[in-house]
Amino acid sequence: MKVKDIIKSLQEWAPLSYQESYDNSGLLVGDRNLEITEILITLDVTEDVMREAIDSNCNLIIAHHPLIFNGLKKITGDHWVERCVTMAIKNDIAIYALHTNLDNVATGVNQMIAEKLKLRQTSVLSPKSGMLSKLVTFVPDENLDEVLNALYEAGAGIIGEYEHCSFRVEGTGTFRPGEKANPHIGEPLKDEEVTEKRVEMIFPSNVRRGIVEALKKAHPYEEVAYYLSVLSNKNVAVGSGLMGHLEHKMSVGDFIVHLKDQMQLKVIRRTAGVKKKVQKVAVCGGSGSFLLSKAIQAGADVFVSGDFKYHDFFETENKIMIMDIGHYESEVFTKELVCNFLREKFANIALRLSEVNTNPIIYD
Ligand SMILES: [Zn+2]
């Protein structure tokens with residue numbers, strides 16, 4: 001098993017194109033062709049985590065937070081990030097980060113929090129736009145099923161909970177094959193007219209290459225006519241934050257006990273209990289203050305996230321309760337999430353959860 005095999009699988013789950021513009025997810029250090037001994041899964045890469053990887057003979061570290069975030073202009077060992085990179089290179093350890101691309105997957109970081117809090121009917125709080133494309137192509141009747149099935153198989157035609165979504169209308173295709181052409185229908189240098197179906201389908205932009213390959217493989221024509229366009233529609237399966245419902249309404253006090261139990265918290269920071277009961281809960285792993293207005297708009301009673309600043313707490317306007325559980329605490333279960341994903345995909349790969357508590361914050 002090579003690093004690139006793991007990367008391929010991780011990118012099918014959390015494509016790099018899902019990451020935010022400021023992010024630096026992906027393979028940060030190391031060789032894609034490295035044969036993996038064991039994988040270490042961590043929230044952060046620190047010098048302690050690097051030593052853990054070396055001591056346990058792990059040569060691939062999968063981290064949530066990218067070790068290299070703002071770029072490196074030198075690697076002298078003056079800064080802890082430089083020292084980690086040096087340790088990785090000297091010990092032939094690859095480092096891969098799955099950050100906001102995993103935050104933005106509906107089955108990612110926030111789903112893990114939602115499961116811990118036993119939230120149901122979850123939906124993405126702030127779906128991303130620009131993640132969907134449209135294919136238009138023209139297919140002769142007798143090849144329609146074959147082409148459609150190939151496109152479905154490649155990931156086209158999914159809208160929310162519906163698959164095999166397409167639209168088709170009949171028309172006439174015209175063409176004149178050139179002298180050197182080898183046409184499926186017609187003859188060189190002779191105008192041809194064929195009854196075709198114009199087919200339209202939506203697909204996630206990140207699978208564009210596979211869609212075009214599948215189309216060309218299944219379509220009978222030598223030259224396949226097709227148009228691709230990026231849509232401004234939102235993709236409800238991709239985006240930040242998650243909204244969910246508790247099975248039964250809870251008092252604020254009971255919800256706090258539930259939250260602390262499930263997320264293993266000693267302390268939370270919160271605003272006053274403006275709601276008598278809690279049922280609709282918005283969550284966002286890590287720093288979620290940028291989603292506060294979305295959580296209010298969605299009618300959440302509580303917004304569970306981390307890293308709120310003093311002034312953010314004023315912005316609740318008595319419409320929602322902020323419960324700040326801490327950045328590390330909101331994401332520490334991401335290690336399990338990644339581990340469970342890889343365990344299901346690869347039965348024979350050795351996986352280790354980092355035992356280093358990388359939280360730089362101590363509560364006294
Ligand atoms: Zn984070």
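The values are calculated or read from the model by the stated rules, or taken from the named source; none is laboratory data. In this text the structure is predicted, and so the values were computed from the model without any measurement. Here the Cβ is made from the backbone with ideal geometry for all residues, glycine too, and neighbour counts use every protein chain on show.
Restricting attention to region 316-332 and to residues that are surrounded by fewer than 21 Cβ atoms within 10 Å (Cβ to Cβ) and closer than 22 Å to residue 279 by Cβ, the residue that is farthest from the ligand (Cβ to nearest atom) turns out to be 318. Only one entry of 278, 283 meets the criterion of being within 16 Å of the ligand (Cβ to nearest atom) and modelled with pLDDT of 95 or more, and that entry is 283.
Let's see how each residue does on (1) in contact (Cβ under 8 Å) with a residue 24 or more places away in the chain; (2) in contact with a His (Cβ under 9 Å, 6 or more places away or on another chain); (3) part of a strand (DSSP E or B); (4) more than 17 Å from residue 126 (Cβ to Cβ):
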| position | (1), (2), (3), (4) |
| --- | --- |
| 236 | yes, no, yes, no |
| 244 | yes, no, yes, no |
| 262 | yes, no, no, yes |
| 293 | no, no, no, no |
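Results for (1) at positive phi; (2) buried (at least 19 other Cβ atoms within 10 Å of the Cβ); (3) in the same structural domain as residue 217 (by TED's automatic domain parsing); (4) of a type in the set (Ser, Thr, Tyr), shown as yes or no for each residue.
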residue	(1), (2), (3), (4)
120	no, no, no, no
146	no, no, yes, no
149	no, no, yes, no
162	no, no, yes, yes
168	no, no, yes, no
172	no, no, yes, yes
179	no, no, yes, no
190	no, no, yes, no
203	no, yes, yes, no
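The residue pairs whose first member lies in region 271-289 and is touching a residue at least 60 places away in the same chain (Cβ under 8 Å), whose second member is within 16 Å of the ligand (Cβ to nearest atom) and in a loop (DSSP other than H, G, I, E, B), and whose beta carbons are closer than 8 Å, counting only pairs six or more residues apart or on different chains, are 286/307.
Looking at region 106-115 only, could you name the residues that are assigned to a helix (DSSP H, G or I) and either surrounded by fewer than 18 Cβ atoms within 10 Å (Cβ to Cβ) or of a type in the set (S, T, N, Q) (or both)?
110, 111, 115
For residue 76, the criteria (1) surrounded by 14 or more Cβ atoms within 10 Å (Cβ to Cβ); (2) part of a loop (DSSP other than H, G, I, E, B) hold in every case but one, which is (1).
Among the residues of region 216-255, those that are over 30 Å from residue 276 (Cβ atoms) and of a type in the set (A, V, I, L, M) comprise 218, 224, 225, 228, 230, 231, 236, 237, 238.
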